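S.K.: Before I ask anything, let me first share the structure, which is written out below as structure tokens.
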Amino acid sequence: MDNEARTSGKFRRPTTRRLVQLYAALLHNAYLRGFIEGKIYEGKAKALCVPGLNCYSCPGAVGSCPLGSLQNALSSTGHRAGWYVLGILLLFGIVLGRTICGWLCPFGLIQELLHKIPTLKIRKSKVTRGLSRLKYVILAVFVIGLPLYYGLAKDLPYPAFCKFICPAGTAEGAVGHLANPANTSMFGMLGALFTNKWVILLVVFLACVLCYRAFCRFICPLGALYGLFNRFSIVGVKVDADRCTGCGTCVRHCGMDVKQVGDCECIQCGKCMDHCSQGAISLKAGKITLKGNDPAAAGEGSREPGHRKAKLIFRGIALAVLCFALVWFNFLDPSIRRTEPAAETVTVSDAPTGYEEGNRLADFTLTCYDGSTFHLADTRGKVVVINRWATWCTPCIEELPYFNDLYKAHPDDIAMIVIHPSMIVTDPEEYLESFSLAMPCATDGEGDPVKEIIGGTATLPQTVVLNRQGEVIYNSVSSVTPEELESLYTKASE
Amino acid sequence: MVYTNGKKTLLIVMTVCCILLTAVLAARAIGIYADGAARKAADPLADIYTAEEAARKLTHALPLIANSVIVLVFCLALKVKDPNADRPAKAEGRITPPKEPEHVKIVQAVIVAAAVLLIIAGICNGSALDVLIKGINICTECVGLG
Ligand code: SF4
Ligand code: SF4
Ligand code: SF4
């Protein structure tokens, strides 16, 4: 029986693998509220990396992307070694290897579904096998080399793969947010980078329609990394050398560019089991056979009442875990930082208190690193520029000098403050020393009150400009150029 | 599956639709960018992309999208499929049966132990917090927003 096309009458039943893939995709993205509200999950579970390629900026993601985390860890090598991410990747690799690709990765599932679109298909050949080496180059250059270089030489977080290539980030993170009507303001920040990544996403999707798992085979550095563990992984497809006759049927039927079952290109999907006349291939977890054509193994054995019962219990537990995750992440998780409306404050102007254009901001006071105090109410008559940035945000760091230049050009006419969120990875004060900034810098207070006052979200950088009357004339989450800043100053001065 | 000329034509049409759709959606985005960049050169405060412009350009692509969906429905209903897709690849001859590498158990134990130690070291040195902070904040550049 062909497992990938199991039919019962007219109804085409999904295979166990497909069900596991759907289950894993839902578990990776259990924060369903994020899709409705257009926000991301901000709870503590994000300290854990998920096994598959799933962007942590996806509105539904409840865990962090291992590839993004690895790049950021390498970028911050100058401050702190990223032992944690390395440990997690090692653990995933040695326990599951590329079983993650075949069974758990949400982006792998997306690619398989795209490949279901009936078109002429490109089959594997020497060319595709050659192309499959490309992912190792991408791993070396974009995931390891560039982030490490920028981190060590320039002290700049530089997730090069995320920034220039990752279609999962574009599809789940960028498009996931832009598609929500609550995020129309995000369109304002799109530019060349988005255009480039949008085109890459389209090309990757087209490639996946025409060619089985094109992204996994040719581009994905995470697959390349997990592939290195394939031979040693505890869970995986194993070949019984005593039964195998070396006929090569398995390799011929495999959609990936494998030379042998279980090599670094193999995603451990187990499809080849159905083609091996010798029953030599099985999916194992250590000594336990999870799936196989061996009559003594689970495939046949599962017909025994004992096995059936165990299977039923396992499915019940899996379902309970999913239900718990959905309820926990969407309703119960106490670590989710829910946005409270900013406290009503009495202002002297008629403009309502808020953070939209035309509003006046609620008052706040912050103590700056240089010991001075920034009190918003004391800035009347000046143009006010507030910038939210973070040490881990590349565009934030790149634009800091522009703010500094603007401040230095109009020191007596501008009240400026750059504010770091209260969660600290690297001490911002120490971090800023190398920038020699003239304007006041501060860390937001406990619970990020200023973030609430200026309508901040989890997205950085954010810039707010107030005119001399204290009214908001600009409030945007996006990078700014020196020209934009100068124009904003002119507009605010009028 | 009987592979008639009609089915073959549908398959080719579907392939062309996919390629065209990709090209059109990419061209639309490049078009928005080119127009927006020119606008921005004149007025630094102007946005390159706007939700309205994106919706307008997407609307232009709607006939092609609708057309592709109709062809797709036909293909699925008629179970049209590239007959070569499931055929085994030609190139491979006989293969050497893969052998389990030596000392697998030891390697597994060493790597698991190293991984656990690294995770503990990471929790102690704060790199686990790095992961959390990066995960709960959207870096616009990372996802390609800007
Ligand atoms: S190769 Fe990458 S994208 Fe493909 S399944 Fe594996 S981790 Fe996911
Ligand atoms: S199909 Fe079975 S017998 Fe043939 S080479 Fe593969 S594992 Fe060995
Ligand atoms: S060799 Fe078998 S298990 Fe590995 S990817 Fe190919 S079909 Fe799947």
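S.K.: Going by the structure shown, is A:Gly306 more than 14 Å from A:Glu471 (Cα to Cα) and at pLDDT below 85?
M.R.: When the stated conditions are applied, A:Gly306 passes them.
S.K.: State which residue is nearest to A:Gly223 (Cα to Cα) when the search covers only the range A:251-283 and only residues that are more than 10 Å from ligand 3 (Cβ to nearest atom) and more than 11 Å from chain B (Cβ to nearest Cβ).
M.R.: My answer is A:Cys264.
One line per residue, one yes/no per condition, for (1) surrounded by fewer than 18 Cβ atoms within 10 Å (Cβ to Cβ); (2) part of a loop (DSSP other than H, G, I, E, B):
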{"residue": "A:Glu399", "(1), (2)": "no, no"}
{"residue": "A:Lys408", "(1), (2)": "yes, no"}
{"residue": "A:Pro411", "(1), (2)": "yes, yes"}
{"residue": "A:Ser434", "(1), (2)": "yes, no"}
{"residue": "A:Val464", "(1), (2)": "no, no"}
{"residue": "A:Arg468", "(1), (2)": "yes, yes"}
{"residue": "A:Val480", "(1), (2)": "no, yes"}
{"residue": "A:Glu483", "(1), (2)": "yes, no"}
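S.K.: Tell me the residue from A:Glu344, A:Glu357 that is of a type in the set (Asp, Glu) and modelled with pLDDT of 85 or more, please.
M.R.: Among A:Glu344, A:Glu357, only A:Glu357 is of a type in the set (Asp, Glu) and modelled with pLDDT of 85 or more.
S.K.: Is it the case, given these coordinates, that A:Pro159 is at the interface with chain B (Cβ under 8 Å from one of its Cβ atoms), more than 16 Å from ligand 3 (Cβ to nearest atom), in contact with a helix residue (DSSP H, G or I) (Cβ under 9 Å, 6 or more places away or on another chain) and touching a residue at least 12 places away in the same chain (Cβ under 8 Å)?
M.R.: So A:Pro159 passes the test.
S.K.: Next up: For the range A:49-88, how many residues meet the condition of being more than 20 Å from A:Leu27 (Cβ to Cβ), facing chain B (nearest Cβ under 7 Å), part of a helix (DSSP H, G or I) and not hydrophobic (A, V, I, L, M, F, W, C)?
M.R.: Going through the range A:49-88 one residue at a time, the tally reaches 3.
S.K.: With (1) more than 10 Å from chain B (Cβ to nearest Cβ); (2) within 25 Å of A:Lys271 (Cβ to Cβ) as the list, and A:Leu120 as the residue in question, which single condition is left unmet?
M.R.: (1)
S.K.: A:Gly286 - would you say it is out of contact with any Asp or Glu (no Cβ under 8 Å at 6 or more places or on another chain) and either within 16 Å of ligand 3 (Cβ to nearest atom) or at pLDDT 90 or above (or both)?
M.R.: Here the answer is no, as A:Gly286 does not meet what is asked.
The values are calculated or read from the model by the stated rules, or taken from the named source; none is laboratory data. These numbers were taken from a predicted model, which means no experiment stands behind them. Note that we place each Cβ from the backbone using ideal geometry, even for glycine, and neighbour counts take in every protein chain shown.
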